[in-house]
């Protein structure tokens, strides 16, 4: 018995293709214009891309809460982390970056802001925080609970971090105003 391969030629409806492409490009353009004009992004999550780093000169925030957790990273399904919640904050000289290995070379995606960044509703899961920290009305509280993540909590009415570097695994902001934003992609040596 001989195998027979039959080639079937397909066709694309050009009218449907071009109208779909134009609609997608138009929606993407409207999204970018809206973000560019207002400088505000809503509900911005960054997760699932592994370790990324956030550096800044100064963060001033109100309504701070911290608790420990185990969370997913790009290398592990469960790693020790800390969740930081801040109601309102301003960050000066923000630099967020992520390194990727593509083929045999490394690239870095950078997001920087030349102007102060305003954020509401921040949730950030970190494996490392290096900073000069100041707290007002700092409370460390321990509670009896079978769930170890609820046994310890740190709260503060105000938080200031200076000269900070954070190794981050998850980042969410309810709203973010980032005027003077610049995104670059570059090759780096590791």
> Looking at the range 134-149, which of its residues are in contact (Cβ under 8 Å) with a residue 40 or more places away in the chain and in a strand (DSSP E or B)?
Replying inline: 135
> Which of the residues spanning the range 130-186 are in contact with a helix residue (DSSP H, G or I) (Cβ under 9 Å, 6 or more places away or on another chain) and surrounded by fewer than 12 Cβ atoms within 10 Å (Cβ to Cβ)?
Replying inline: 143
> If you check residue 118 against the conditions, is it surrounded by 16 or more Cβ atoms within 10 Å (Cβ to Cβ) and assigned to a strand (DSSP E or B)?
Replying inline: yes
>> Considering only residues that are exposed (fewer than 13 other Cβ atoms within 10 Å of the Cβ) and part of a strand (DSSP E or B), which ones fall in the range 101-115?
In response: 101, 102, 105
> Any idea which residue in the range 71-100 is surrounded by the most Cβ atoms within 10 Å (Cβ to Cβ), counting only those that are free of Cβ contacts under 8 Å to residues at least 12 places away in the same chain and out of contact with any strand residue (DSSP E or B) (no Cβ under 6 Å at 6 or more places or on another chain)?
Replying inline: 76
>> If a residue must be in contact with a strand residue (DSSP E or B) (Cβ under 7 Å, 6 or more places away or on another chain) and over 15 Å from residue 168 (Cα atoms), how many such residues does the range 101-113 contain?
In response: 6
>> So residue 47 ticks every box in (1) modelled with pLDDT of 90 or more; (2) under 26 Å from residue 150 (Cα atoms); (3) under 16 Å from the mean Cα position of the chain (by Cα) but one. Which box is left unticked?
In response: (1)
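Suppose the filter is touching a residue at least 60 places away in the same chain (Cβ under 8 Å) and either more than 15 Å from the chain's Cα centre (by Cα) or over 15 Å from residue 62 (Cβ atoms) (or both); does residue 111 pass it?
Working: touching a residue at least 60 places away in the same chain (Cβ under 8 Å): yes; either more than 15 Å from the chain's Cα centre (by Cα) or over 15 Å from residue 62 (Cβ atoms) (or both): yes.
So residue 111 passes the test.
The values are calculated or read from the model by the stated rules, or taken from the named source; none is laboratory data. This one's a predicted model, so the numbers in the text were calculated from it and none came from an experiment. Note that each Cβ is placed from the backbone with ideal geometry, even for glycine, and that neighbours are counted across all protein chains shown.
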